[in-house]
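The values are calculated or read from the model by the stated rules, or taken from the named source; none is laboratory data. All values reported here derive from a predicted model rather than from experimental measurement. Backbone-built Cβ (ideal geometry, glycine too); neighbour counts: all protein chains shown. All accessible areas refer to the heavy atoms of the entire protein, side chains included, with ligands and DNA or RNA removed. Shrake-Rupley method; radii C 1.70, N 1.55, O 1.52, S 1.80 Å.
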Amino acid sequence: MSYKIPMGPYHPALEEPYKLDLICEGETVQDAKLHVGFNFRGMEKLAETRNYIQVVALMERVCGICSSIHTQTLCQAMEELTDAPPPPRAKYIRVIVAELERLHSHVLWAGIAAKLMGFKTMFMTSFELREKVMDILQAISGNRVNYSMNRIGGVNRDIEDPQAILRMVEALEKEMGRTIIPIFTTSSTARSRCAGIGVLTKEKALSLGVVGPVARASGVPQDIRRDAPYAAYSELNFDVPVVPDGDVTSRLLVRALEIMESCKIIRQALAQLPPGELYTGDEKTQFITGTSASRVEAPRGEVIYSVSWKEGGKTPSRLHVRTPTYANMPAIRAMVQGARLADTPLIQASIDPCYSCTDR
Amino acid sequence: MKVAMSGIDSISEKLGISDPWVEKRGVHWLETSANTVSIRELAQVMGDFHARLVTITAYQLPGEEGTLLEYYWDLGGKLMGFPFKLAANSIDSIYDICEAADWIEREIHEEYVVNFVGREYEPLLLREGDTPGVNLREETI
């Protein structure tokens, strides 16, 4: 006999509201229906009422974890419409903040995953490290969540003492290399809880068009930083970790390896930080009529902004955002089919979902 | 700026379009696609080339002009755009050819009341129980 178990929208296993209706036969999940929209704020429509300064502040609030990524993508799109390319120093600062956000996101996710595994010590360790990442972001921007770093044509704040930031990053990297990485890559507790569950095959990943670590953990070698470089990524050396198995362990492994790659990118960017201006363009920004699209590799995968402006317009005539979780969410259905009911919280968490992003 | 690229050139060749790709602000456009190729043919060819559907952006055009859909595909890091101006706010669904289109079509149906022919809609994606069109269309039906 099959029966339906509702999970969410408010549930101890979910960090944000969404709902999974699980159709089960005994303890086995046969199918699932996903319900989102509990965080819907109508931000795309709201953006049409905001000027070019206000819209940056608005879209920074799409997500609380990758807030700077959203403004970076939006500013890159608007820079195409205003002919205000960022100067080299601003490009490097954008890379540093973006990679710190990736560290923040991945470490936060590691903590949540550890909690769902019942691995409380790891949860506490991850959140302690997350605080240190936020300390670095605070040292750079003065803020711990919405950093207000990006503006059209560059960045608002400089990294005045790169050596001090470098010392903080190196200490963090050492600590992560001692704790999170070995535990997540070799611990039998993590492996026994995650291996072989929530499998998303490469064929299914390609068919669903998933992005970011979810795609890379299913053997899809896709990363916008490398495939369509933006900011200063073309001047930096880094690897794109790809794992073929497609299970929760693979997603764990990909993110663990990406943490080390992000540290490598930040170290290089701080060492090569060029001198110069923080932004181009004068105070009066002029838009041309047209549409521009920009993509960035956010911690959870590719985010795309499409911005349309009419000449002389004070606000965007259309702003469309496709966030990574929006592309990855439908894959949860494929991942939980055939899974044990008890594994579903961990499986759904393994895509590192962000409903704030999804719902906008 | 007109560009020549071997990877995406073979796509236009397969579609039977001789016009060159036009690169405009980060997107390679094949502007003539809407007049010569149906969306289902396009989706099929994109699938053959293992291109990834990134998103579909909808625009409400002024007055009675209807809706414009811009389909974005990625092939090896190149973003390709295909505009389709809709007659009677209706276009064929590509969900059965390209699974990645499912949620995107549902959202556009919900935002702009665009009818994607050949598919059924589950309840609203973002505002379950509400009326289609209230999100982004200026006048709701």
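Could you pull out every residue, at least 5 positions away or on a different chain, whose amide H is within less than 5 Å of the one on residue A:317? Hs are placed 1.01 Å off N in the peptide plane, and Pro or chain starts have none.
A:308, A:309, A:310
Per DSSP helix of 4 or more residues, -39500 (n - 2.57); summed, then divided by the residues of chain A. What does that give at 222 nm, rounded to the nearest 500?
-14500 deg cm²/dmol
Per residue of segment B:52-68, what does 6.51 cos²θ - 1.76 cosθ + 1.60 with θ = phi - 60° give for ³J(HN,Hα)? Whole Hz please, x for Gly and Pro, Karplus curve as stated.
The phi angles translate into 9, 5, 8, 6, 10, 9, 9, 10, 8, 7, x, x, 9, 6, x, 10, 10 Hz.
With unit charges on the beta carbons (Lys and Arg positive, Asp and Glu negative) and the dipole taken about the Cα centre of the protein assembly as shown, which residue among B:21, A:249, A:220 sits farthest to the positive side?
Of B:21, A:249, A:220, it is A:249.
Counting partner chain Cβ atoms within 10 Å of every residue's Cβ in B:52-63, what's the average?
5
Please compute P(r) over all alpha-carbon pairs of segment A:9-56, binned at 10 Å starting from zero, and give each bin as a whole-number percent.
Reading upward from the zero bin: 21, 29, 23, 16, 8, 2.
Below 29 Å, Cα to Cα, which lysines can residue A:132 reach? Residues fewer than 8 away in the same chain don't count.
A:91, A:115, A:120, A:174, A:264
If you build a Gaussian network model of chain A, linking Cα atoms that sit under 10 Å apart, which residue out of A:80, A:101, A:175 swings the most?
Per the Cα network of chain A with a 10 Å cutoff, A:175 tops the list.
What whole-number value in cubic angstrom gives the convex hull volume per residue for the C-alpha atoms of segment B:4-103?
102 Å³
How far is the Cα center of segment A:114-176 from the Cα center of segment A:199-259, in Å?
So the two Cα centres are separated by 22 Å.
Taking segment A:274-317, which trypsin sites (Lys or Arg not before Pro) meet the DSSP loop condition and have no more than 13 other C-beta atoms within 10 Å?
A:284, A:314
Calculate the FRET efficiency for residue A:128 and residue A:156 from the Cβ-Cβ distance with a Förster distance of 22 Å, rounded to the nearest 0.05.
E between residue A:128 and residue A:156, to the nearest 0.05, is 0.15.
If you find the alpha carbon centre of segment A:1-72 and of segment B:70-125, how far apart are they in angstrom?
20 Å
With a 1.4 Å probe on protein heavy atoms only, tell me which residues of segment A:290-316 lose at least 40 Å² of accessible surface in the complex relative to the chain by itself.
SASA drop of 40 Å² or more in segment A:290-316: A:291, A:293, A:295, A:304.
So, with +1 on the Cβ of K and R and -1 on the Cβ of D and E, and no other charges, what is the size of the charge dipole of segment B:1-120 about its Cα centre, to the nearest 20 debye?
400 debye
Among A:296, B:68, B:10, which residue has its Cα furthest toward the positive end of the charge dipole of the protein assembly as shown, with +1 on Lys/Arg Cβ and -1 on Asp/Glu Cβ?
Going by the Cα projections, it comes out as A:296.
Check residue A:150: other-chain or 5+ apart residues with amide H under 5 Å from its amide H, H built from backbone geometry?
A:156
With unit charges on the beta carbon (Lys/Arg positive, Asp/Glu negative), name the residue among A:8, A:199, A:229 whose Cα is farthest towards the positive pole of the charge dipole of chain A.
A:8
What size of dipole, in debye to the nearest 20, comes out for the protein assembly as shown about its Cα centre when the only charges are +1 on Lys and Arg C-beta atoms and -1 on Asp and Glu C-beta atoms?
1140 debye
Using a 1.4 Å probe on the heavy atoms of the protein chains only, list every residue of segment A:53-95 that has 10 Å² or more less accessible area in the complete assembly than in its chain alone.
A:80
About its Cα centre, how strong a charge dipole does segment A:262-356 have in debye, to the nearest 20, once Lys and Arg get +1 and Asp and Glu get -1 at the Cβ?
Here segment A:262-356 has a charge dipole of around 260 debye.
Roughly how many Å² is the accessible area per residue of segment A:137-214, as a whole number, for a 1.4 Å probe?
It amounts to 44 Å² per residue over segment A:137-214.
Taking just the alpha-carbon atoms of the protein assembly as shown, what radius of gyration and Dmax come out, in angstrom?
22.1, 69
Once you have the alpha carbon radius of gyration of segment A:120-262, what is it after dividing by 2.2 N^0.38 Å, with N set to its residue count?
1.20
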